[in-house]
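The values are calculated or read from the model by the stated rules, or taken from the named source; none is laboratory data. Just so it is clear, the structure is predicted and the values come from calculations on it, not from any experiment. Methodologically, a virtual Cβ is constructed for each residue, glycine included, from the backbone with ideal geometry; neighbour enumeration extends over all protein chains shown. All accessible areas refer to the heavy atoms of the entire protein, side chains included, with ligands and DNA or RNA removed. Shrake-Rupley method; radii C 1.70, N 1.55, O 1.52, S 1.80 Å.
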There are 2 protein chains.
Amino acid sequence: MAGDKKISMAVIRRLPRYFRYLYDLIRLDIRRISSKELSERMDITASQIRQDLNCFGGFGQQGYGYNVQSLYDEIGRILGVERRFSCALFGAGNMGNALANYENFQNRGFDITVIFDSAADKVGTAIHGIPVLHVDGMESFLKSKHVDIAILTVPNRAMPDITARVVKAGVKGIWNFSPTDLKLGEGIVVENVHLSDSLMVLGYRLMEQLREDAARRK
Amino acid sequence: MAGDKKISMAVIRRLPRYFRYLYDLIRLDIRRISSKELSERMDITASQIRQDLNCFGGFGQQGYGYNVQSLYDEIGRILGVERRFSCALFGAGNMGNALANYENFQNRGFDITVIFDSAADKVGTAIHGIPVLHVDGMESFLKSKHVDIAILTVPNRAMPDITARVVKAGVKGIWNFSPTDLKLGEGIVVENVHLSDSLMVLGYRLMEQLREDAARRK
DNA sequence: ATCATTTTGTGATTTTTTTGTCAAAACGAA
DNA sequence: TTCGTTTTGACAAAAAAATCACAAAATGAT
């Protein structure tokens, strides 16, 4: 049952997907589901589903399956959706703007409380009601207000400086949108969103696919 | 040597990262590098680097290491950076705007040639010089102009319709920014960017880290 | 209440991925 | 050239992840 040996990252990264599918089921008013049926919807094996869920405890019932609502609640609890994190957004450029305006994050428990930038025409304004402050003032801000997560959408060249200062100020989580890989000490959690890497992989796979299509059509 | 047995996705997903590091080395005017030194910079094992690179052929030289420039060129060639893809962006919201304005994608060979939206106040305008057309006209547009990739940043509810139409129009690659998982037939390449999944994983890992910190401090 | 059916949880097995190891190749100093 | 050093490429071993397979539990129809 609820064994407490280290859960692998592969499993963790699948949890949000389960969470989304379960939410869909709730909206469809489906009350129970077997690993088999879920596996068909999600296009993974039933065995994997059972194994994944069992990392956290026996949520299912033999001969019945899983109760959708309570499984949803359990996964939500594991992912900590009820918890709230205070976030500071660095960089009010294109991506920064998009993130600041994206309400879903607030709904998911991530509150962007402040935006830092260095452009004179942005400092003093507000985006989606969130004040934009000059990045020079980050230390004093972070000293008075607790911030859990720094969301980094600053240009590459600014990354080393900003990162070092953010970490020094005690921020423990980083959501990184720059292509830079952050090499940070123990105790800092970094989650990267490398859009250009993703795009390059898409390009590679698409080329491969087109090559395959051409070969078949030959 | 250049064996042609299927390259695993795990390897492919690491290539853009090698590519970035090699570019950094070029800018630092470093001409040659051993797997050992690269492994220290990238924080992976030298063995993995050698194994990864050998999937595509013997780029290195014993006693010398790898020539940075030619390795960079090789990986670029594998990733197809010289190829150009024509892209259509669907959704001129926050994320759509950010992507349309992000010049790096154009530089990487992905040309956004058109933007589709359904909002009356957006249709007819241009974003970053790219015309915004009404989504109703996508079929006729896609019939006359070839489009390789659809970039989807439309609301969830619009996804099923847009996806079906895009695929029907012959688009072969999809860069998906919606939380929806696309279940499409063979021959369509989908690359997902699930921002909220990434954020949830960050939240989970951060919670875990904070718990650990607390335990140590106890 | 009985029993055939469903379906989980779990240990075993297989597959995939990563890491370790070393002979052979190339280097570069003397 | 010669020889000790460096470093790859390839293979072997280990670790991690996914899948299989089945006993045991619960269901639900009769």
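Summary table below
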| item | result |
| --- | --- |
| Residues being in a helix (DSSP H, G or I) and within 30 Å of B:GLU212 (Cα to Cα) - total across the stretch A:163-218 | 6 |
| Condition check for B:LEU22: under 25 Å from the mean Cα position of the chain (by Cα) and either within 9 Å of DNA strand D (Cβ to nearest atom) or modelled with pLDDT under 95 (or both) | no |
| Some residue of the stretch B:74-91 being within 13 Å of DNA strand C (Cβ to nearest atom), closer than 30 Å to B:GLN106 by Cβ and open to solvent by less than 50 Å² (accessible area, probe 1.4 Å) | no |
| Lone unmet requirement of (1) surrounded by fewer than 15 Cβ atoms within 10 Å (Cβ to Cβ); (2) within 14 Å of DNA strand C (Cβ to nearest atom); (3) within 14 Å of chain B (Cβ to nearest Cβ) for A:LEU38 | (1) |
| Matching residues in the stretch B:160-191 - criterion: being touching a Pro at 6+ places or on another chain (Cβ under 9 Å) and within 9 Å of chain A (Cβ to nearest Cβ) | B:PRO179, B:THR180 |
| Residues within the stretch A:74-88 that are of a type outside the set (Val, Ile, Thr) and more than 9 Å from every other protein chain (Cβ to nearest Cβ), tallied | 8 |
